Every structure is written in C-alpha cells, then in structure tokens.
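Report on one structure; see the data block that follows.
The numbers here are math on the coordinates, done by the rules we state, and not lab data. Keep in mind it's a predicted model, so treat the numbers as computed, not measured. Here Cβ is always computed from backbone atoms with ideal geometry, including for glycine, and neighbour counts include all displayed protein chains.
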Amino acid sequence: MMKSASSPGRTRLGILLLAVLLVVAACSSQGDLVAAVNGESIYMADVEGPDDLVGGDVIDDQGEIIDRFEFLNRLHSLVITRVVVTKAEEEFGIHPDRDPLEGILEDTYDTVKTDLIELHGDYETALQQEGMTDHLVRLFIMTQETINLVYEELAAREGDLTAQEVEEVFESRRADLTEVCATHVLLDTQEEAEAVLERALAGEEIGALAAELSVEPDASETMGVLDCQAASAYVAEFAEAVIIAEVGVPHGPVESMFGFHVLVVTERDDPVLADHEADIRFEYNEERRSILIEEWFLRAASESDVQVEPQYGRWTTEPRPQVLLPS
C-alpha cells in the first residue's frame, strides 16, 4: 500500500533544496532536440522553460545559448528528474496523474504556499525572496512527492525494525540514556581499592573515604562527588559499573585508565524501553530514508537510457550521475 510521506516540515526543507533538484519542465516541446531519457525527449524549449522561469533567458531568439553553465545546470536537472519520474512509474506505477500522488499534490501545494506567505507576508514577495516561481514550486512538489512515495515502497519491501532489533538498539544506547549521580574513591592499586571497598561496605561514608584516600586531584574538597550526567560521559569501564551497581551500595574495584575506583551510585534514572521505542524507530527510519533513496536513485540512473546531444553535453554516472560540459 502506497502512502504519502509529505509533511509541512519536509516540504519546507525541500523548497530550500530546489536548486539541487528541479523537476521536469511542463512546457511545449519545440526547438532542437537536446537529450532523451528513457525514450522521453528534452527539447531546447524545455531547458529554456516557461516565461516565468527565474534566472533570465539562457537561450536567445535564434536558439543560441547565452549562459552555458546555467543551460547545463537546467539540462542536468531535467535529465535527473526524468530519471526519477520514469523509473518511479516503471517500477511502482507512481505517476503525477494517478492516485495516490494525484490527490497529494494540491494539498502539498496549499501547505507550501501557506508556509511561504507566513514567512514573507504575501506569495509574490515570497517567490521573489526565495528565487523561484509558482511554476517551479508546483514542479518541485511533483518530484518531491514522487520521491516520497518511492521511499514508502522501498521501506515496505525492507520492513520495519523487529522488536528484538529495537531492544538491541536500546541496549546499545543504554549508557546514553541512563542518567546517574555517583561518588567515588580513586586509588593507584587494586589492593588499595579492595581495602577501601571493605571499609565502605562496613559502613564508612564514601565521601569521607574519598577525602582521606583518593588520589584524584581536589578530592579533599569534592569528597569524590561526580557531576550527575549520562553514564556515557564517563570512561567505558566506569560507565558500565554505574549502570549495573545497586543504588546506595558500594561497588568495585573498577579499573580504568585513571586507576582503580570504588564507587557508590547515589541516584540513577534507569531508562525504560517503552519510553524510547518510538524515537528509536523514528531515527532508524530517518537514517534509512536517505540510504534507500540514494541507493535507488543510483541504480535508476545507471539503468536509465540517457542520450545527450554531443554539442550540448555528455552524460555520466561516475563518480555520480550528472551532465557534463561537452568533451
């Protein structure tokens, strides 16, 4: 089942990336043939774009290129976009004229327009400030929502994290999620630490022992009290110890790069899986989103039939898909 992944936050971010990924120009095909992508032709008029295209003319009345680099950038964007659109339709049946995409586009457009108005006061001013046109806004939304639906299809194929995988991630982050307050005594040898542990277990106060015996600088003033913080802020051995030690009970000796510790956990906020499961799944999905889309796009680009007329540029997929200046 295909679902929309659109949201105001994601769309606003996408608008800022407009210069990176434009979309197929919906203008009449006329003038010289410039390129073809998977059987769909790109003509000079497509690169020039409609009258309201931001950036000025790149082609004069005689069809001569005025700005070579701007022309190349537009051609590159058109080629990349047609790779995305044609492969999305080929693999998943996703097309702007079909549901669910057809039903998403206007809602997303209204959201983007509202956001721009809130930022700039009115829509025309917003377009000028953002360096775009209504035409480009609509076209970008089309491509962005196509990519969103492609991701939903890819994610459905891969499946979500299992309960066991969520638990494994949770355990790997336990040190980051555990807030702890502790007091310790730092000694040079294990024998000294064992002797201090015996005294602490016999009832002597850990702070007093730290002030008397700890080799940690300023221990006589701090009495071995450490800042309350995430367990991961400590060295690994100490972090593991403050996670497993019984609160209020002397624990040790624990060896670290600094020496041998005897410690007492005075407070600890132990994390609960249920409180973090949603965040773990969200972060996993955000991370794999970029990975899955990038992998799909690179494959789509390598499998696409892209022909660029030699006088206008040349297509390559190495080291990344792009249109280069003519050889």
| With the dipole of the chain worked out from charges on the C-beta (+1 for Lys and Arg, -1 for Asp and Glu) around the Cα centre, which of SER214, SER302, VAL264 lies farthest toward the positive end? | SER302
| said: For the pair ALA195/ARG314, report the inter-label distance in nm, with labels modelled 7 Å from Cα in the Cβ direction. | reply: 7.9
| Calculated Rg and Dmax of the stretch 73-124 using C-alpha coordinates, Å | 14.8, 41
| Percentage of Cα-Cα pair distances in the stretch 179-269 greater than 23 Å, rounded to whole percent? | 10
| task | Rounded to the nearest 10 degrees, what's the angle between the helix 134-158 long axis and the longest principal axis of the chain, both from Cα atoms, 0 to 90? | result | 50
| query | So, in Å, what gap is there between the alpha-carbon centers of the stretch 145-178 and the stretch 203-262? | reply | 36
| query | Using 0.36 nm per residue, how much length does the chain from GLU286 to GLU165 gain when fully extended, once their Cα-Cα distance is taken away? | reply | 42.0 nm
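Which FRET efficiency value, to the nearest 0.05, do you get for ALA236 and ARG157 by plugging their Cβ-Cβ distance into 1/(1 + (r/R0)^6) with R0 = 45 Å?
Numbers: r = 38 Å, r/R0 = 0.83.
About 0.75, to the nearest 0.05.
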| Taking the Cα-to-Cβ direction at GLN229 and at ASP279 and moving 7 Å from each Cα, how far apart do the two end points lie in nm? | 1.8
| said: Less than 11 Å from a label point 7 Å out along the Cα-to-Cβ axis of GLU255: which backbone N atoms in the stretch 161-205 qualify, by residue? | reply: 189-191
| note | Placing one equal point scatterer on each C-alpha of the chain and summing with Debye, one gets log10 I(q)/I(0) at q = 0.07, 0.08, 0.13 Å⁻¹ equal to -0.52, -0.60, -0.93
| message | Between 0 and 90 degrees, rounded to the nearest ten: what's the tilt of helix 190-201 against the longest Cα principal axis of the chain? | response | 80
| field | Coarse-grained scattering of the stretch 224-304 at q = 0.15 Å⁻¹, given as base-10 log I(q)/I(0) from a Debye sum over alpha-carbon atoms | value | -0.69
| Taking a point 7 angstrom from the Cα of ALA202 along the C-beta vector, which residues in the stretch 148-187 have backbone N less than 18 Å away? | 185
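Test of understanding: what is the full-extension gain from THR266 to GLU246, defined as 0.36 nm times their sequence separation minus their Cα-Cα distance? Intermediate results must be reported in sequence, preceding the final value.
Working: separation 20, 0.36 × 20 = 7.20 nm, distance 0.93 nm.
Working it through step by step, the gained length comes to 6.3 nm.
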| field | Estimated dipole of the chain in Debye, rounded to 20 [Cβ of Lys and Arg +1, of Asp and Glu -1, Cα centre] | value | 1080
